[in-house]
Amino acid sequence: MYNCLVNSNDLESEIIKYIENFFNVMNYESKINLDSNTLLLEQVIGFDSLELAGLVAHLENLTNYDPFEEGFLEFFTIGELARLFSSK
């Protein structure tokens, strides 16, 4: 388990690993190179809101931190989500 001081690069790697594992489990063929600028909800990855919620819950578990505790914070890319979880 990470602590809440984990850096955004480590979290980006964790997010990419999570997405790649998701693709494998769902038998999706990924034709994109995932990086910090990859959009999460657009047609690039195609996560729906439930799948994105699963990723957010995974990150909360790893970091023991909820950046959304006081309300929604907007994010679009892997890098932006990683920075939210490393901002504490």
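Estimated purely from DSSP H runs of n ≥ 4, each contributing -39500 (n - 2.57), the mean residue ellipticity at 222 nm for the chain is -15000 deg cm²/dmol once divided by its residues.
Remark on the chain: ratio of C-alpha radius of gyration to 2.2 N^0.38 Å is 1.02.
Just so you know, all these numbers are worked out from the coordinates, no wet-lab data involved. From a predicted model like this one, the values you see are computed outputs, not experimental measurements.
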